[in-house]
Amino acid sequence: MSFKVFIDGAEGTTGLQLKTRLSAHGGVTILEIDPELRKDASERKKLINQSDVTFLCLPDKAAEEAVGLVENPDTVVIDASTAHRTAEGWAYGFPELSRSRREAIASSKRIANPGCHATGFIAAVYPLVALGIAGRDYPFCCHSVTGYSGGGKKMISEYEAPVRDAFLDSPRQYGLSLKHKHLPEMQAVTGISSPPVFNPIVADFYSGMAVSVPIHTRLLEKRLTLSEMFDALSEFYRESELIRVCKAPESGFLPANEVAKTCRLNLYVMGNDAQMTLCSVFDNLGKGASGAAVQNMNIALGLPETAYLEEGDKLL
C-alpha cells in the first residue's frame, strides 16, 4: 500500500529533509505542489485533504492557518512548528516517554513534533521526574550546543557565505532573555514546576547538538550513584529503538555532531556520585526534526517505527 504524503512548506530545512528521507523509499507518494501555487490556500487545501499524512513545516501562524484547511477526517497532521506542542487535543510526538504517549500518537490525527532543544532536555529530565528521582521543583538548568542548520535557510547562508562576520567563527549564545520558544514544552511535558534556566548556543558546524543537564545529587528526591543513574535511565529506555543510554566516552571528549545524519539519540550519564551531567547527543535535523516527524508518521500509520529512517543497516 502506498501512502500519500503532502509536505506543506517543503522549501524549508525540515521540509527538504523530509522530502529527501521519503523520496528514497517506496511505499510513499509525495503530493507535489506547483511552485507558483505553494502559497495558494485552495491548492494547498486540495493536497492536504488528498493526503494520508500532511507535514506542516511552516511558521507558527501559517501552521495554525493550515490546520483550518483540513476537512478530511482521516488526514493525519504532523506539525513541525511550535504552534501546537502544548495545545489541547494534540499528541506530543515523543513516543519513547511512555506507553500512553505512544498510543496517543498511534490513534491521533493531530501530532505535534517536538522542538530540537526540547527533545534533548526532555529525554534527560522526563525519566527523572516520572521515576521520582527528581522532584517537580528541582531547579533544572540546561546548556545546548547546536549546529547552525537549526537556524534555517537564513542562518545557513550566513555561515556558508564566502565572506562572513568574524563573530560566526565563535560559538554564540542566544535566547538571552531566557524566553526561548521551546521552554513551554520543556516544562509542560516533563511536568516540572518552572521552566529550566536555558542557555542555547549555536556554533560553526552544520548539524548535531549536545543538550546538557547538570545534576546535584544532593538535591534529588532519590540520591542515586552515577552507576545507579545509568541503570535507571537504561531501564527506562530499554525498549527504545532510537535512544541509547551511554557512559562517558573514554576519550574524555563528547562531540555534538557524534550522530549527525542519523535519527539516533545518545543519552550520556557522566560525572560522579555528587555531581552528574546528563547529555543528549543527536542530530537537530534528525531526531530533533525530520527524523522524529517520520518516526511519528510511522507510528500513526501502523508501520514499523524505523521505516523510511534506514539505509541498509544504518539509521539515517
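For the reader, a short list of remarks on this structure follows.
- Selected residue (only one of Ser177, Ser144 is of a type in the set (Ser, Thr, Tyr) and either in a loop (DSSP other than H, G, I, E, B) or in the same structural domain as Leu16 (by TED's automatic domain parsing) (or both)): Ser177
- Taking region 30-66 as the range and being hydrophobic (A, V, I, L, M, F, W, C), farther than 21 Å from Val294 by Cβ and touching a residue at least 12 places away in the same chain (Cβ under 8 Å) as the test, the residues that pass are Ala41, Ala62.
- Residue in region 185-198 that is surrounded by 13 or more Cβ atoms within 10 Å (Cβ to Cβ), small (Gly, Ala, Ser), within 27 Å of Leu254 (Cβ to Cβ) and in contact (Cβ under 8 Å) with a residue 12 or more places away in the chain present: no
- Ile30 outside any helix (DSSP H, G or I), among the β-branched types (Val, Ile, Thr), touching a Leu at 6+ places or on another chain (Cβ under 9 Å) and under 23 Å from Ala188 (Cα atoms): no
- Search result, residues across region 142-184 that are among the acidic types (Asp, Glu) and in contact (Cβ under 8 Å) with a residue 24 or more places away in the chain: Asp169
- Set Arg85, Arg136, Arg102: member being among the basic types (Lys, Arg) and under 13 Å from the mean Cα position of the chain (by Cα): Arg85
- Selection from region 116-154 of residues that are surrounded by fewer than 16 Cβ atoms within 10 Å (Cβ to Cβ) and modelled with pLDDT of 95 or more: Ala130, Leu131, Gly132, Gly135, Arg136, Asp137, Pro139, Cys141
- Scanning region 98-141 for residues that are over 26 Å from Val281 (Cβ atoms) and hydrophobic (A, V, I, L, M, F, W, C) yields a count of 2.
- Among the residues of region 42-58, the one identified as of a type in the set (S, T, N, Q) and assigned to a strand (DSSP E or B) is Thr54.
- The one condition from (1) modelled with pLDDT under 95; (2) in the same structural domain as Val145 (by TED's automatic domain parsing); (3) on the phi > 0 side of the Ramachandran plot that Gly271 does not meet is (1).
- Of the numbered criteria (1) under 22 Å from the mean Cα position of the chain (by Cα); (2) surrounded by fewer than 16 Cβ atoms within 10 Å (Cβ to Cβ); (3) at pLDDT below 95; (4) not acidic (Asp, Glu), the one Lys61 fails is (3).
- Unique match (being in contact with a Ser or Thr (Cβ under 8 Å, 6 or more places away or on another chain), among the aliphatic types (A, V, I, L, M) and assigned by TED's automatic domain parsing to the domain that holds Leu224) among Ala248, Ala260: Ala260
- Glu185 at pLDDT 95 or above, under 20 Å from the mean Cα position of the chain (by Cα), under 20 Å from Ala130 (Cβ atoms) and acidic (Asp, Glu): yes
- Some residue of region 81-99 being surrounded by 17 or more Cβ atoms within 10 Å (Cβ to Cβ), under 27 Å from Pro304 (Cα atoms) and touching a Cys at 6+ places or on another chain (Cβ under 9 Å): yes
- Applying the criterion of being assigned to a strand (DSSP E or B) and aliphatic (A, V, I, L, M) to the residues of region 237-274, the residue that is surrounded by the fewest Cβ atoms within 10 Å (Cβ to Cβ) is Met270.
- When residues of region 188-236 are limited to those that are assigned to a loop (DSSP other than H, G, I, E, B) and of a type in the set (D, E, K, R), the one nearest to Tyr148 (Cα to Cα): Asp204
- Scanning region 72-108 for residues that are charged (D, E, K, R) and closer than 19 Å to Tyr126 by Cβ yields Arg85, Glu96, Arg99, Arg101, Arg102, Glu103.
The values are calculated or read from the model by the stated rules, or taken from the named source; none is laboratory data. Computed from a predicted structure; not experimentally measured. Counting neighbours? That spans all protein chains shown, and the Cβs are built from the backbone with ideal geometry, glycine included.
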